[in-house]
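Contents: one structure, followed by commentary.
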Amino acid sequence: MDDGFNPVEVIAGDAACGLVLLCDHARNCLPAEYGNLGLGEDSFRRHIAYDIGARDVTVALARLLGAPAVMTTYSRLLIDPNRGEDDPTIVMRLSDGTVIPGNHPISASEIESRIERFHRPYHAAIDALLDAMLARGQVPAVFSVHSFTNLWKGVARPWEVALLWDNDPRFTQPLLTELRATRRFTVGDNEPYDG
């Protein structure tokens, strides 16, 4: 089914800048065929639907730095692009205490349809951008923008800015140093999640 809903938003930017911006949970929208998944509109203003403010930050960074960006246009309540295809939480049935009626129950064929129509196109857009840069001999830094709620399951999250990273500290450590030096933010290093 093609209802004209494009699951991916791309800002072309200048690949020569060496940076690629991603925003997995940029929007709180759903294709019309899914209605509101049985939820009230207030649920789509909460963090369960998207990373509040993350799209605005991604767009601002892309403009400021001239960097290309790839963002989703759909709510993570439909399918979570930040999960592997075999992850049982790729379609959430329950999020922060809220049951998602349109996802519970859900058939394997519906999950596969959502993967094919929404999840794969997003990852294909990322792969195409990275492949093009690598083909030109560029190894880009990939910076994925997220936001998180300041309270999760009764536990406070005091960080105003956090960098999540894994094996390579070359990009994150200088940025962490600069952020801490401003003394304007409570800065998290792999908080509230481990990169």
Problem - Subset tally (residues that are at pLDDT 95 or above, over 9 Å from the mean Cα position of the chain (by Cα) and under 14 Å from Ile126 (Cβ atoms)) for the stretch 14-30 - result: 3
Practice task
Look through Ile100, Ile106 and report the one residue that is buried (at least 18 other Cβ atoms within 10 Å of the Cβ) and more than 12 Å from the chain's Cα centre (by Cα).
Solution key: Ile100
Practice task
Please state which of the following conditions Arg180 fails to meet, knowing it meets all the rest: (1) over 27 Å from Pro68 (Cβ atoms); (2) not in a helix (DSSP H, G or I).
Solution key: (2)
Handout entry: Residue satisfying all of: in the stretch 84-96; in a loop (DSSP other than H, G, I, E, B) and out of contact with any Lys or Arg (no Cβ under 9 Å at 6 or more places or on another chain); surrounded by the most Cβ atoms within 10 Å (Cβ to Cβ) among these
Key = Arg93
Practice task
Determine if the stretch 54-67 includes at least one residue that is assigned to a loop (DSSP other than H, G, I, E, B) and either buried (at least 19 other Cβ atoms within 10 Å of the Cβ) or among the small types (Gly, Ala, Ser) (or both).
Solution key: yes
Completion exercise
Subset of the stretch 151-195, residues of a type in the set (S, T, N, Q) and either surrounded by fewer than 13 Cβ atoms within 10 Å (Cβ to Cβ) or over 23 Å from Ser95 (Cα atoms) (or both), comes to Asn167, Thr172, Gln173, Thr177, Thr182, Thr186
Practice task
Out of the residues in the stretch 122-149 that are part of a loop (DSSP other than H, G, I, E, B) and touching a helix residue (DSSP H, G or I) at 6+ places or on another chain (Cβ under 9 Å), state the one that is surrounded by the most Cβ atoms within 10 Å (Cβ to Cβ).
Solution key: Val145
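Residues are listed down the side, and each one gets a yes or a no for (1) among the small types (Gly, Ala, Ser); (2) within 24 Å of Asn28 (Cβ to Cβ):
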| position | (1), (2) |
| --- | --- |
| Arg83 | no, yes |
| Asp86 | no, no |
| Thr98 | no, yes |
| Arg117 | no, yes |
| Gly137 | yes, no |
| Thr172 | no, no |
| Arg183 | no, no |
Handout entry: Inter-residue pairs, beta-carbon under 6 Å, first more than 23 Å from Pro81 (Cα to Cα) and in the stretch 146-157, second assigned to a loop (DSSP other than H, G, I, E, B), 6+ apart
Key = Arg157/Asn150; Arg157/Pro192
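The values are calculated or read from the model by the stated rules, or taken from the named source; none is laboratory data. Since the structure is predicted, the reported quantities are computational estimates derived from the model, not experimental observations. Using ideal geometry, Cβ is built from the backbone for each residue, glycine included, and neighbour counts are taken over all protein chains shown.
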